[in-house]
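Everything below concerns the one structure shown next.
The values are calculated or read from the model by the stated rules, or taken from the named source; none is laboratory data. As the structure is a prediction and not an experimental result, all values here were calculated from the model. Reconstructed Cβ throughout: ideal geometry from the backbone, glycine too, with neighbour counts over all protein chains shown. Calculation scope for accessible area: heavy atoms of the full protein, side chains included, ligands and nucleic acids excluded. Shrake-Rupley method; radii C 1.70, N 1.55, O 1.52, S 1.80 Å.
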Amino acid sequence: MAKALFDFKGQKVLITGGASGIGAASARAFAAAGAQVFATGLSADEVEQAKQQPGFESIDVRVLDVRDHEALSALAQSFDRLDVLVHCAGMIRREAEHDPDVFDEVLHVNLSAGMRLSTMMKPQLARQSGSIIFIASMLSFFGGPKQPAYAASKGAIRQLTMSLAAAYAQDSIRVNAVAPGWIVTNLSRGARDDAARNAMILARTPMARWGQPEEVADPILFLSSDAARFVTGVVLPVDGGFLTM
């Protein structure tokens, strides 16, 4: 993103999974727009690597495993106020997800942790008439035979977004989601490195290219901003037109 598209000066933003990929791009974008940004990564190594990235100079990066309920509670209690909560923490295990234990773990990380932290942060967000952003997926709209847990969790994120939007509106909290398509991240490296699969993806994507994390971050900022002040319960595809085919 060449310039800040929105103004978040004076606002506090928390991004789980904000040390890499779409989360990191969002953290940089919010910081460039003037926000005080807090981002989390799964490990100390991931956090340290994030701190070395350009644009992370002013970002507070912390270790957080969203599967740890006590850690989530401690994080929530450390905030007296919050304007934007972005749930970017996620995982995919592909074929291994047919194992029920792996299935449960993926749903815990991608879905249940987001619900838990949203509930914990609701008082802080309500005081600021804040905003929650979930990360859905194109797999929120169709099945994934090789990744049943990931697809199930992202389908559920779509429903959770609409449900919390309706439930939290009385507290002046807006809840929306973005649904990324094929984006250049570590999770998509295997598909990009597979020549045949890469060609198939590009052939189905009307814009005929992969998206960049920054191109998902900008819609996240839009949905969090006053420009979207009458928008809630939306799951916005950011996929170069993939879902149109």
I'm trying to understand the selection: among the residues of the range 31-43, which are surrounded by fewer than 22 Cβ atoms within 10 Å (Cβ to Cβ) and over 24 Å from Val109 (Cα atoms)?
Ala31, Ala32, Ala33, Gly34, Gln36
Can you tell which of Met200, Met207 is hydrophobic (A, V, I, L, M, F, W, C) and either touching a Cys at 6+ places or on another chain (Cβ under 8 Å) or assigned to a loop (DSSP other than H, G, I, E, B) (or both)?
Met207
In this structure, does Ser140 turn out to be under 23 Å from Glu214 (Cα atoms), more than 13 Å from the chain's Cα centre (by Cα) and in contact (Cβ under 8 Å) with a residue 24 or more places away in the chain?
yes
Selection within the range 4-25 - closer than 19 Å to Ala228 by Cα, open to solvent by 10 Å² or more (accessible area, probe 1.4 Å), touching a helix residue (DSSP H, G or I) at 6+ places or on another chain (Cβ under 9 Å) and part of a loop (DSSP other than H, G, I, E, B)
Ala4, Leu5, Phe6, Asp7, Gln11
Among the residues of the range 93-111, count how many are under 14 Å from the mean Cα position of the chain (by Cα) and either open to solvent by 30 Å² or more (accessible area, probe 1.4 Å) or farther than 22 Å from Gly233 by Cβ (or both).
2
Pick from the range 210-238, criterion of a type in the set (A, V, I, L, M, F, W, C) and in a helix (DSSP H, G or I), ranking: surrounded by the fewest Cβ atoms within 10 Å (Cβ to Cβ)
Ala227
Show me the helices (runs of 4 or more DSSP H) entirely contained within the range 92-173 in which 1 or more residues are modelled with pLDDT of 95 or more, of a type in the set (Val, Ile, Thr) and closer than 23 Å to Ala74 by Cβ.
113-127
State which residue is nearest to Met121 (Cα to Cα) when the search covers only the range 68-108 and only residues that are small (Gly, Ala, Ser) and in contact (Cβ under 8 Å) with a residue 12 or more places away in the chain.
Ala76
Looking at Arg81, Arg28, which one is surrounded by 15 or more Cβ atoms within 10 Å (Cβ to Cβ) and either modelled with pLDDT of 95 or more or in a loop (DSSP other than H, G, I, E, B) (or both)?
Arg28
